[in-house]
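Chemist: The structure's right below; bear with me while I get my questions together.
The values are calculated or read from the model by the stated rules, or taken from the named source; none is laboratory data. Everything numeric in this text was worked out from a predicted model, so none of it was measured. Methodologically, a virtual Cβ is constructed for each residue, glycine included, from the backbone with ideal geometry; neighbour enumeration extends over all protein chains shown. Note: areas computed on protein heavy atoms with side chains; ligands, DNA, RNA excluded. Shrake-Rupley method; radii C 1.70, N 1.55, O 1.52, S 1.80 Å.
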Number of protein chains: 2
Amino acid sequence: MVRRSATGRIGIADVAVKAGVSHATVSRVMNGNFTVDPDIASRVRAAAAELKYQPNPVGRSLALGKTDTIGIVVPDLANPTFQAILRGLSRAAAQDGYRVLIADSFEVSSEETILAGEARRRCDGLVLCAPRMSDAELEEIAPSLRPLVLINRTTAAADVPSLVVDYGQGVQDLAEHLVDLGHTRLAFLAGPPRSASNGMRLQGLEAFKAAHPHVDVRMLEGGSDFDTGHEAVDAVLESGATGILAFNDLVAMGLMSGLHERGLDVPGDISVTGFDDIPFARYTTPALTTAAVPITELGEQAWHQLRALIRKEDNDAPGSRYQPRLQVRASSGPAKAPRSTVHG
Amino acid sequence: MVRRSATGRIGIADVAVKAGVSHATVSRVMNGNFTVDPDIASRVRAAAAELKYQPNPVGRSLALGKTDTIGIVVPDLANPTFQAILRGLSRAAAQDGYRVLIADSFEVSSEETILAGEARRRCDGLVLCAPRMSDAELEEIAPSLRPLVLINRTTAAADVPSLVVDYGQGVQDLAEHLVDLGHTRLAFLAGPPRSASNGMRLQGLEAFKAAHPHVDVRMLEGGSDFDTGHEAVDAVLESGATGILAFNDLVAMGLMSGLHERGLDVPGDISVTGFDDIPFARYTTPALTTAAVPITELGEQAWHQLRALIRKEDNDAPGSRYQPRLQVRASSGPAKAPRSTVHG
DNA sequence: CCTGCCTAAGAAAGCGTTTTCTCAGGTCGC
DNA sequence: GCGACCTGAGAAAACGCTTTCTTAGGCAGG
């Protein structure tokens with residue numbers, strides 16, 4: 001006959017009664033404390049096994065002041081980039097016995113702040129991907145979220161490592177690649193206006209323009225998903241550009257699909273590049289030229305940084321900067337003779 | 001001067017001292033209990049605001065016996081299907097103030113059991129996607145995991161709703177579609193051998209074969225990712241089939257990519273269909289014919305079912321069955337004159 | 001043989017809340 | 001004007017665990 005505590009689940013008290021010892025002793029046994037007589041210990045273990053006792057993590061968390069859980073705030077769980085970060089993070093954390101709590105802010109920057117705070121309180125640390133949050137707000141809340149690791153953002157707050165991808169360099173590499181292929185009219189299909197990583201790309205393009213005054217680089221408004229690319233076909237054609245730098249692989253895929261529907265050939269008529277090198281990029285037709293970001297590894301690194309913070313280790317590498325690697329595939333090719341713009 | 005409790009964070013006791021009341025009163029105010037004098041209440045609120053007090057969720061969870069968190073166990077976070085379920089679940093749960101804890105079993109079925117138990121203990125309920133777990137094991141652990149919602153599995157345990165997609169019907173619809181296009185030699189590029197959803201597809205194909213004795217349906221070994229499809233090109237060509245039913249969209253994309261590399265035309269030479277209708281399916285070249293599963297909605301429904309269980313509502317709809325919808329796009333077309341097999 | 005130390009296990013405090021219990025003070029009715 | 005009822009707030013218990021504190025008992029040394 002199994003006794004059940006108030007909550008209906010088996011608790012440490014039940015095991016204590018069954019083994020004829022105090023619940024303190026049960027706790028000691030369960031935690032591998034060796035100051036317990038071996039006979040009693042095995043009696044306790046037998047009782048625990050028979051009752052299928054498993055310590056309540058909430059009670060444990062309260063007593064120990066830790067939850068063995070970390071949180072991650074992402075702006076959009078539908079975005080493969082954040083999925084990959086989540087995967088890398090989850091996997092690395094799991095290896096150290098930590099679980100991951102997710103908070104999806106659905107691109108609403110005001111939510112990011114609240115969610116981050118809530119998630120942090122439930123966890124031992126936080127990974128924050130908040131591309132829309134203002135610098136001022138980030139500065140303000142960062143200290144209260146520690147242990148904290150930032151992705152693609154930086155802060156002046158101490159002990160807050162940042163993992164940032166050098167999108168500026170990556171987009172320059174892509175642009176160089178297109179120029180090497182003979183393209184002189186490029187267009188950048190931008191990301192969400194207030195996105196931090198979009199800002200980095202724009203900076204990179206400014207540097208590129210300064211270094212290549214003879215290359216025409218148009219800026220086109222955009223977004224971060226398929227539809228953005230798909231709907232941008234007209235704007236792209238109007239621009240007269242022969243080399244298109246899409247904000248990311250998703251946008252590039254949407255664009256290629258749209259161009260295909262118009263009967264245009266990639267890369268015959270227009271070269272298209274993406275960014276991120278998501279797994280799908282290899283399998284588009286034509287396969288997508290892009291800048292590869294070791295994004296899963298980034299999630300993994302985020303955990304290592306966070307772990308160091310949680311363990312209060314001296315973190316010799318407070319954050320790092322990732323260089324995208326140019327990944328040339330079939331979607332980019334030699335420029336054909338300059339086309340005239342479709343309109344005018 | 002801000003007092004700090006033992007853990008270094010501001011607690012209810014600090015607010016109580018600052019407002020000159022007992023911590024019980026602070027708790028009452030924070031929880032909107034109206035049996036508190038308005039003057040005192042506002043004094044408490046002022047103190048809480050000034051100290052930026054936020055209740056500790058762990059303490060709260062222990063007292064209330066609930067965590068406002070649900071868990072989800074998935075076999076592979078890299079799989080778009082589970083990403084979509086996660087997204088739908090997370091979003092729906094968030095609207096009711098619940099967070100989601102993820103547990104990735106990395107396709108290891110023995111992990112599924114342990115992870116499920118651990119996750120469940122930290123949460124108020126669990127959504128379980130465990131395609132590899134044996135029926136016996138599922139039967140055994142299901143009761144202890146309640147409140148529990150199963151995805152693509154069923155159990156005899158009471159009060160355990162199942163959300164299952166009718167993969168059998170879906171694959172039949174796809175096969176019918178190919179036959180309608182004139183294909184008489186089909187091949188099924190199977191999924192992971194022990195996967196439950198693969199089993200459902202196989203059953204569906206048996207039914208199809210019984211109904212269409214004149215159609216040749218080959219079974220090819222496979223898996224669930226890009227590489228599976230990509231590496232299956234040889235086997236597909238050897239089969240002599242002109243209509244290929246890929247296990248899912250990923251496999252189909254890998255296959256199309258491989259066929260493209262061999263200079264074969266889809267659907268001119270071979271028609272290819274996927275399954276799931278992941279967002280990418282619209283944007284492949286050619287766009288992928290597939291069976292659309294409202295997978296995000298499934299995640300959402302999982303939450304609604306789980307919520308009913310958590311609230312102990314009478315659940316009038318204990319689980320449901322989803323019918324995939326045939327989504328015809330450009331990757332399937334009329335069969336050309338029967339080819340001879342490449343070898344022999 | 002008694003004192004002092006050490007070991008091992010129980011008692012109790014603490015983690016941060018919520019909630020029941022208790023009680024002081026006020027109000028109403030008779 | 002006094003007892004019964006009600007209101008509102010503090011005291012304390014409870015949630016389930018870990019860990020410190022305490023103490024009983026065994027053993028060795030003087």
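Chemist: Looking at segment A:265-273, can you tell me whether even one residue there is facing another protein chain (nearest Cβ under 10 Å) and more than 28 Å from residue A:151 (Cβ to Cβ)? Spell out how you get there, then give the answer.
Modeler: Step one: list which residues in segment A:265-273 are facing another protein chain (nearest Cβ under 10 Å), which gives A:266.
Narrowing the set further to residues that are more than 28 Å from residue A:151 (Cβ to Cβ) leaves A:266.
Yes, there is a match, as at least one residue in segment A:265-273 is facing another protein chain (nearest Cβ under 10 Å) and more than 28 Å from residue A:151 (Cβ to Cβ).
Chemist: Something else about it: Here's a check for you: in segment B:115-133, which residue that is part of a helix (DSSP H, G or I) and touching a Leu at 6+ places or on another chain (Cβ under 9 Å) is farthest from the other protein chains (Cβ to nearest Cβ)?
Modeler: First, pick out the residues of segment B:115-133 that are part of a helix (DSSP H, G or I): B:115-122.
Imposing the further condition that a residue be touching a Leu at 6+ places or on another chain (Cβ under 9 Å) reduces the set to B:116-117, B:119-120, B:122.
Working: B:116: 12, B:117: 7, B:119: 7, B:120: 10, B:122: 5 Å.
Only one residue tops the list, namely B:116.
Chemist: Give the residue, chosen from B:239, B:271, that is crowded, with 19+ Cβ neighbours inside 10 Å, in contact (Cβ under 8 Å) with a residue 12 or more places away in the chain and closer than 25 Å to residue A:254 by Cα.
Modeler: Values: B:239 fails: closer than 25 Å to residue A:254 by Cα.
From the options B:239, B:271, the qualifying one is B:271.
Chemist: Right, something else. Do you know which of the residues in segment A:98-113 that are open to solvent by 20 Å² or more (accessible area, probe 1.4 Å) and at pLDDT 95 or above is farthest from residue A:194 (Cα to Cα)? Steps first, answer last, please.
Modeler: Of the residues in segment A:98-113, the ones open to solvent by 20 Å² or more (accessible area, probe 1.4 Å) are A:98-99, A:106-111, A:113.
Still in the running and at pLDDT 95 or above: A:98-99.
Working: A:98: 33, A:99: 31 Å.
It comes out as A:98.
Chemist: Out of curiosity, is residue B:117 away from DNA strand D (no atom under 14 Å from the Cβ) and surrounded by fewer than 21 Cβ atoms within 10 Å (Cβ to Cβ)? Working first, answer last.
Modeler: On the way: away from DNA strand D (no atom under 14 Å from the Cβ): no; surrounded by fewer than 21 Cβ atoms within 10 Å (Cβ to Cβ): yes.
Criteria not met by residue B:117.
Chemist: To continue, here is another question. Go through the residues of segment A:291-307 one by one and say whether even a single one is open to solvent by less than 20 Å² (accessible area, probe 1.4 Å), more than 30 Å from residue A:97 (Cα to Cα) and touching a residue at least 40 places away in the same chain (Cβ under 8 Å).
Modeler: The answer is yes, given that some residue of segment A:291-307 is open to solvent by less than 20 Å² (accessible area, probe 1.4 Å), more than 30 Å from residue A:97 (Cα to Cα) and touching a residue at least 40 places away in the same chain (Cβ under 8 Å).
Chemist: Quick one: in segment A:314-333, which of the residues that are at pLDDT 95 or above and open to solvent by 60 Å² or more (accessible area, probe 1.4 Å) is farthest from residue A:240 (Cα to Cα)?
Modeler: This residue is A:323.
Chemist: Show me the strands (runs of 3 or more DSSP E) entirely contained within segment A:161-220 in which 2 or more residues are open to solvent by 20 Å² or more (accessible area, probe 1.4 Å). Working first, answer last.
Modeler: Numbers: elements: A:162-165, A:185-189, A:216-220.
Here the list reads A:216-220.
Chemist: Would you confirm whether or not segment B:134-141 contains a residue that is assigned to a loop (DSSP other than H, G, I, E, B) and either at pLDDT below 95 or within 27 Å of residue B:191 (Cα to Cα) (or both)?
Modeler: Start the filter on segment B:134-141 by keeping residues that are assigned to a loop (DSSP other than H, G, I, E, B), which leaves B:134.
After this cut, where a residue has to be either at pLDDT below 95 or within 27 Å of residue B:191 (Cα to Cα) (or both) as well, the list is B:134.
Looking for residues that are assigned to a loop (DSSP other than H, G, I, E, B) and either at pLDDT below 95 or within 27 Å of residue B:191 (Cα to Cα) (or both), one finds at least one in segment B:134-141, hence yes.
Chemist: Using beta carbons and a limit of 7 Å, which pairs, at least six apart or on different chains, have the first residue in segment A:218-235 and at negative phi and in the same structural domain as residue A:263 (by TED's automatic domain parsing) and the second one among the basic types (Lys, Arg) and open to solvent by 40 Å² or more (accessible area, probe 1.4 Å)?
Modeler: Taking only residues 6 or more apart or on different chains, the pairs are A:233/A:262.
Chemist: A further question follows. Could you list, ordered by first residue, the pairs with Cβ atoms under 7 Å in which the first is in segment A:90-108 and assigned to a loop (DSSP other than H, G, I, E, B) and the second is among the basic types (Lys, Arg), at least 6 apart or interchain?
Modeler: A:96/A:307; A:107/A:132
Chemist: So, one more: Return the pair list, or none, for Cβ contacts closer than 6 Å from residues in segment A:33-54 that are within 10 Å of DNA strand D (Cβ to nearest atom) to residues that are part of a loop (DSSP other than H, G, I, E, B), at least 6 apart or on different chains.
Modeler: Note: pairs meeting the criteria are A:53/A:10.
Chemist: Within segment A:33-45, can one find any residue that is under 30 Å from residue A:298 (Cα atoms) and polar (S, T, N, Q)? Steps first, please.
Modeler: Start the filter on segment A:33-45 by keeping residues that are under 30 Å from residue A:298 (Cα atoms), which leaves none.
No.
Chemist: Right, another one. So which of A:281, A:232, A:246 is buried (at least 21 other Cβ atoms within 10 Å of the Cβ), under 28 Å from the mean Cα position of the chain (by Cα) and within 12 Å of another protein chain (Cβ to nearest Cβ)? Quick ask: steps written out before the conclusion?
Modeler: Values: A:232 fails: within 12 Å of another protein chain (Cβ to nearest Cβ); A:246 fails: within 12 Å of another protein chain (Cβ to nearest Cβ).
On inspection, the qualifying residue turns out to be A:281.
Chemist: In contact with a strand residue (DSSP E or B) (Cβ under 6 Å, 6 or more places away or on another chain), open to solvent by 10 Å² or more (accessible area, probe 1.4 Å), within 10 Å of chain B (Cβ to nearest Cβ) and touching a residue at least 24 places away in the same chain (Cβ under 8 Å), is that true of residue A:87?
Modeler: Details: in contact with a strand residue (DSSP E or B) (Cβ under 6 Å, 6 or more places away or on another chain): no; open to solvent by 10 Å² or more (accessible area, probe 1.4 Å): yes; within 10 Å of chain B (Cβ to nearest Cβ): yes; touching a residue at least 24 places away in the same chain (Cβ under 8 Å): yes.
Answer is no for this residue.
Chemist: Same structure again: What number goes with the only condition from (1) in contact with a strand residue (DSSP E or B) (Cβ under 6 Å, 6 or more places away or on another chain); (2) within 22 Å of residue A:167 (Cα to Cα) that residue A:294 does not pass?
Modeler: Failing condition for residue A:294: (1).
Each row is one residue, and each column tells you yes or no for (1) facing chain B (nearest Cβ under 10 Å); (2) more than 16 Å from DNA strand C (Cβ to nearest atom); (3) basic (Lys, Arg); (4) over 30 Å from residue A:130 (Cα atoms).
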residue: A:21; (1), (2), (3), (4): no, no, no, yes
residue: A:63; (1), (2), (3), (4): yes, no, no, yes
residue: A:80; (1), (2), (3), (4): yes, yes, no, no
residue: A:113; (1), (2), (3), (4): no, yes, no, no
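Chemist: Look at segment A:39-52 and say how many of its residues are open to solvent by 20 Å² or more (accessible area, probe 1.4 Å) and either within 11 Å of another protein chain (Cβ to nearest Cβ) or within 16 Å of DNA strand C (Cβ to nearest atom) (or both). Reasoning before the result, please.
Modeler: Quick first cut of segment A:39-52, residues open to solvent by 20 Å² or more (accessible area, probe 1.4 Å) only: A:39-40, A:42-43, A:45-46, A:49-50, A:52.
Cutting the leftovers down to either within 11 Å of another protein chain (Cβ to nearest Cβ) or within 16 Å of DNA strand C (Cβ to nearest atom) (or both) gives us A:39-40, A:42-43, A:45-46, A:52.
Within segment A:39-52, residues that are open to solvent by 20 Å² or more (accessible area, probe 1.4 Å) and either within 11 Å of another protein chain (Cβ to nearest Cβ) or within 16 Å of DNA strand C (Cβ to nearest atom) (or both) number 7.
Chemist: Looking at (1) open to solvent by 10 Å² or more (accessible area, probe 1.4 Å); (2) closer than 20 Å to residue B:319 by Cβ, which one does residue B:142 not meet, given that it meets all the others?
Modeler: (1)
Chemist: Within segment B:288-338, track down each residue that is closer than 22 Å to residue A:78 by Cα and aliphatic (A, V, I, L, M).
Modeler: Hits for segment B:288-338 are B:288, B:291, B:292, B:293, B:295, B:298, B:302.
Chemist: Tally up the residues in segment A:23-38 that are outside any loop (DSSP other than H, G, I, E, B) and either within 17 Å of residue A:59 (Cβ to Cβ) or near DNA strand C (Cβ under 7 Å from one of its atoms) (or both), please. Can you show your working first?
Modeler: Residues of segment A:23-38 that are outside any loop (DSSP other than H, G, I, E, B), as a first pass: A:23-30, A:38.
Next cut, either within 17 Å of residue A:59 (Cβ to Cβ) or near DNA strand C (Cβ under 7 Å from one of its atoms) (or both) only: A:23-30.
The total comes to 8.
Chemist: Moving on to the next point. Only one of these conditions is not met by residue B:311: (1) assigned by TED's automatic domain parsing to the domain that holds residue B:124; (2) modelled with pLDDT of 95 or more. Which number is it?
Modeler: (2)
Chemist: Find the residue count for segment A:122-133, including only residues that are modelled with pLDDT under 95 and open to solvent by 20 Å² or more (accessible area, probe 1.4 Å).
Modeler: Residues meeting the conditions: 2.
Chemist: For segment B:257-268, check the following and say yes or no: at least one residue is in contact with a strand residue (DSSP E or B) (Cβ under 8 Å, 6 or more places away or on another chain), under 23 Å from residue B:324 (Cα atoms) and not in a loop (DSSP other than H, G, I, E, B).
Modeler: No - not one qualifying residue is present in segment B:257-268.
Chemist: Residues in segment A:71-86: is at least one near DNA strand D (Cβ under 8 Å from one of its atoms) and part of a helix (DSSP H, G or I)?
Modeler: Going through segment A:71-86, the residues near DNA strand D (Cβ under 8 Å from one of its atoms) turn out to be none.
Checked segment A:71-86: no residue is near DNA strand D (Cβ under 8 Å from one of its atoms) and part of a helix (DSSP H, G or I).
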